[in-house]
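Structure record follows, encoded as structure tokens.
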């Protein structure tokens with residue numbers, strides 16, 4: 001049975017959301033139809049190769065942004081109304097039916113979700129973040145009333161968004177959604193605390209194509225230069241400030257080190273100032289965003305990977321982040337933190353080390369330990385690779401996703417609950 005699936009995402013394409021691309025490509029490879037509906041258009045100048053190989057931009061549609069201010073929403077809505085009505089009068093009028101949809105129609109949220117002349121039907125609407133579930137609910141109401149609505153929680157949507165909007169923000173979703181996923185057990189428990197039926201949510205991990213991330217044992221380098229790496233958005237919850245401070249401390253003992261930070265974001269200037277203040281500009285470089293091929297090349301030359309995630313002041317937290325999986329798959333010993341879902345991925349003392357959040361001192365101690373004991377790198381790297389292969393195998397997980405879709409579509413979730421609730425590995 002060929003499934004017709006609509007992915008509801010934030011921005012597309014996005015270099016930082018490889019997990020979305022992996023799922024889309026996996027479904028296409030299995031013969032299913034996938035369309036992408038995005039809030040905003042991402043950077044198309046630098047994209048993952050799969051975007052080009054699978055012509056994903058040709059499958060992508062963009063919603064009209066909804067102004068928060070009701071006055072401007074109404075003013076700009078006149079243009080949205082005229083444009084949509086000209087292209088598709090029937091669906092446009094349906095979106096304004098306040099007798100049927102009440103406040104949703106009066107607020108114009110349905111109007112702004114109209115995709116004129118869509119002429120498509122879907123079996124599954126898959127919201128890639130809880131924050132996109134609202135668009136997903138509106139999209140289903142006016143475009144695909146028979147589709148099953150599935151939402152996955154990934155981090156920001158179940159932490160900072162809830163802190164900002166309150167514990168009742170997902171009440172309607174939990175009442176109307178058909179099934180829910182969380183990318184780690186930490187976030188599954190959080191969703192249940194917020195009111196999600198525990199029988200309707202399972203852990204579904206973000207997979208990794210291990211074939212793309214070739215394992216290589218790590219040894220002390222011939223040139224004596226130990227290369228460290230971090231990948232991630234330059235935002236508070238990535239905790240990169242503490243890694244920089246730890247590296248600065250270690251540089252006093254081991255001057256022949258190099259630390260590459262792959263990523264960009266709002267804290268770039270602040271982090272660069274910290275690097276200069278600590279007088280380590282010669283060894284610490286912020287490289288900006290890299291595509292997957294470039295990232296793999298950098299990791300291939302590296303010896304230790306650092307992911308110092310922290311709980312941001314606004315409550316934002318991480319799941320088991322993909323960049324850690326990539327580094328572990330390639331054989332890098334890792335240093336990360338007791339944070340969010342990360343302890344579900346990194347086995348302390350086995351594939352690397354976990355340290356308390358915001359603790360540059362302990363991070364520096366573990367970094368020093370690894371640098372002084374290169375004979376342990378190979379064993380840690382092998383353990384990390386084995387764990388990723390066992391628990392985050394992309395092919396297995398893509399097969400599981402299809403299975404979840406099919407079981408939700410049968411409306412026989414009671415019968416299949418035992419298998420759905422098994423940990424996905």
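Of the residues making up the stretch 170-186, those that are over 20 Å from residue 396 (Cβ atoms) and at pLDDT 95 or above are 170, 171, 172, 173, 174, 175, 176, 177, 178, 180. Residue under question is residue 316, and the condition is that it be over 23 Å from residue 298 (Cβ atoms) and free of Cβ contacts under 8 Å to residues at least 12 places away in the same chain; does it hold? No. The set of residues in the stretch 338-361 being in a strand (DSSP E or B) and over 24 Å from residue 296 (Cβ atoms) consists of 348, 354, 355.
Taking the conditions (1) under 23 Å from residue 137 (Cβ atoms); (2) touching a strand residue (DSSP E or B) at 6+ places or on another chain (Cβ under 9 Å); (3) surrounded by fewer than 17 Cβ atoms within 10 Å (Cβ to Cβ) in turn, residue 27 satisfies each one other than (3).
Anything in the stretch 319-351 that is within 17 Å of residue 208 (Cβ to Cβ) and free of Cβ contacts under 8 Å to residues at least 40 places away in the same chain? List them, or say none.
324, 336, 342, 346, 351
The criterion of at least 2 residues that are within 18 Å of the chain's Cα centre (by Cα), within 23 Å of residue 297 (Cβ to Cβ) and in contact (Cβ under 8 Å) with a residue 12 or more places away in the chain is met by the following strands (runs of 3 or more DSSP E) wholly inside the stretch 177-286: 226-231. If the condition is being surrounded by 21 or more Cβ atoms within 10 Å (Cβ to Cβ) and touching a strand residue (DSSP E or B) at 6+ places or on another chain (Cβ under 7 Å), then the stretch 180-202 contributes 180, 181, 182, 183, 184, 187, 188, 191, 196, 201, 202. The listed residues are 270, 285, 277, and the only one of them that is touching a strand residue (DSSP E or B) at 6+ places or on another chain (Cβ under 7 Å) and over 30 Å from residue 53 (Cα atoms) turns out to be 285. In the stretch 289-309, the residue that is surrounded by the fewest Cβ atoms within 10 Å (Cβ to Cβ) out of those that are assigned to a loop (DSSP other than H, G, I, E, B), touching a strand residue (DSSP E or B) at 6+ places or on another chain (Cβ under 9 Å) and at pLDDT below 95 is 289. Among the helices (runs of 4 or more DSSP H) confined to the stretch 37-151, the ones with at least 3 residues that are modelled with pLDDT of 95 or more, surrounded by 13 or more Cβ atoms within 10 Å (Cβ to Cβ) and touching a strand residue (DSSP E or B) at 6+ places or on another chain (Cβ under 9 Å) are located at 133-143.
The values are calculated or read from the model by the stated rules, or taken from the named source; none is laboratory data. Since the structure is predicted, the reported quantities are computational estimates derived from the model, not experimental observations. Glycine also receives a Cβ, built like all others from the backbone with ideal geometry; neighbour counts cover every protein chain displayed.
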